[in-house]
Amino acid sequence: MAYMDFYQKSIDGKDYILVVDNTNRGKCSVYIFDISGMKIQHVVDRVLDSENFKRIIGNVSFYINRVNGIYNKEISTKFPPIYVNKPTGRLSRLTYPDYKLGTLDLETYRHENKSFVYALGFYVDKRSNVFYLDKNLDSDELIFQSLNALLLYKYNGYTFYVHNLGGFDIYFILPVLDRLNKKIWKHI
């Protein structure tokens, strides 16, 4: 026989209302409210067999034997679904990168115990852009022209990987940029 009962219980000087819903076969729900009607707890008991039942309180399940008491406990951690909040504008490139990649490398030769750049190139969008030393270009001008070609707007947002930048190529590129910077600021 299914039934629903209401109880008023006083615990440590506080009054509570208990609603016992036994309308579902094999399942008993107990709702605990404070005296103003605010739900405090929901407890569900499910009959497993004649000797055992499962008590669910929040995300914790207790398996209870009527004679021996609790014999197992499970904690269910359910995380709420994560919905993608796609940023727009500049931040969208940081979180959802376009993976626009390019590479850069330079080649050198030695003359009288000093190295000079004779070729510099970059590869982007399945195209090679190569610059060679000739009678009109010295090493500094060669580096400047190739970097100038690299700094076009169409390459905005690209990440360029430079072969051996930290160990070798940087020693040719940085001094040229420094000399060029000093030359520009001298005329301003």
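Please compute, for the alpha-carbon atoms of the chain, the extent along each of the three principal axes and give them in descending order in Å.
Result for the chain: principal-axis Cα extents of 104, 40, 32 Å.
Exposed loop GluC sites (Glu not before Pro) only (DSSP loop, at most 12 other Cβ atoms within 10 Å): please give the longest stretch of the chain free of them, not including the sites.
On the way: sites that count: Glu51, Glu112.
Longest stretch, sites excluded: 113-188.
How big is the shadow of the Cα convex hull of segment 90-187, averaged over all directions, in nm²?
Values: hull surface 33.6 nm².
The orientation-averaged projected area of the Cα hull of segment 90-187 comes to 8.4 nm².
Would you report the distance distribution of C-alpha pairs in segment 4-75 as whole percents per 5 angstrom bin, up to the bin with the largest distance?
Over segment 4-75, the share of Cα pairs per 5 Å bin runs 4, 16, 21, 21, 18, 14, 5, 0 percent.
Under 13 Å from a point placed 7 Å out from the Cα of Tyr63 along the Cα-to-Cβ direction: which residues of segment 28-52 have their backbone N that close?
48-49, 52
Past 19 Å, Cα to Cα: identify those pairs from Lys114/Lys183; Lys100/Lys126; Lys14/Lys39; Lys135/Lys183, in the order given. Mind dumping the intermediate values first?
On the way: Lys114/Lys183 23 Å; Lys100/Lys126 11 Å; Lys14/Lys39 14 Å; Lys135/Lys183 22 Å.
Violating the 19 Å Cα-Cα cut-off are Lys114/Lys183; Lys135/Lys183.
List the relative contact order of segment 4-75 as a percent without decimals, with contacts defined as Cα pairs under 8 Å and 6+ residues apart.
Working: 142 pairs, mean separation 11.8, N = 72.
Contact order relative to length: 16 percent.
Expressed as an acute angle from 0 to 90° and rounded to the nearest 10, what is the orientation of the C-alpha long axis of helix 139-150 relative to the principal long axis of the chain?
Result, in degrees: 40.
If you fit an axis through the alpha-carbon atoms of helix 170-187 and take the longest principal axis of the Cα set of the chain, what angle between them do you get, 0 to 90°, nearest 10?
Here the helix axis deviates by roughly 70 degrees.
What does DSSP give for the chain in terms of the percent of beta bridges that are antiparallel, rounded to the nearest 5? Provide the component values of the computation, followed by the final result.
Details: 55 of 59 bridges.
Counting only bridges with both partners in the chain, antiparallel ones make up about 95 percent.
So, in Å, what gap is there between the alpha-carbon centers of segment 31-76 and segment 99-173?
Their Cα centres are 71 Å away from one another.
When only C-alpha pairs under 8 Å and at least 6 residues apart count, what is the relative contact order of the chain, in percent? Let's see the in-between values first.
Details: 258 pairs, mean separation 17.9, N = 188.
Worked out over the chain, it gives 10 percent.
We did not get these values from a lab; they are worked out from the coordinates using the rules stated. Nothing here was measured: the structure is a model prediction, and the numbers come from that model. Positions of Cβ are backbone-derived with ideal geometry, glycine not excepted, and every protein chain shown enters the neighbour counts.
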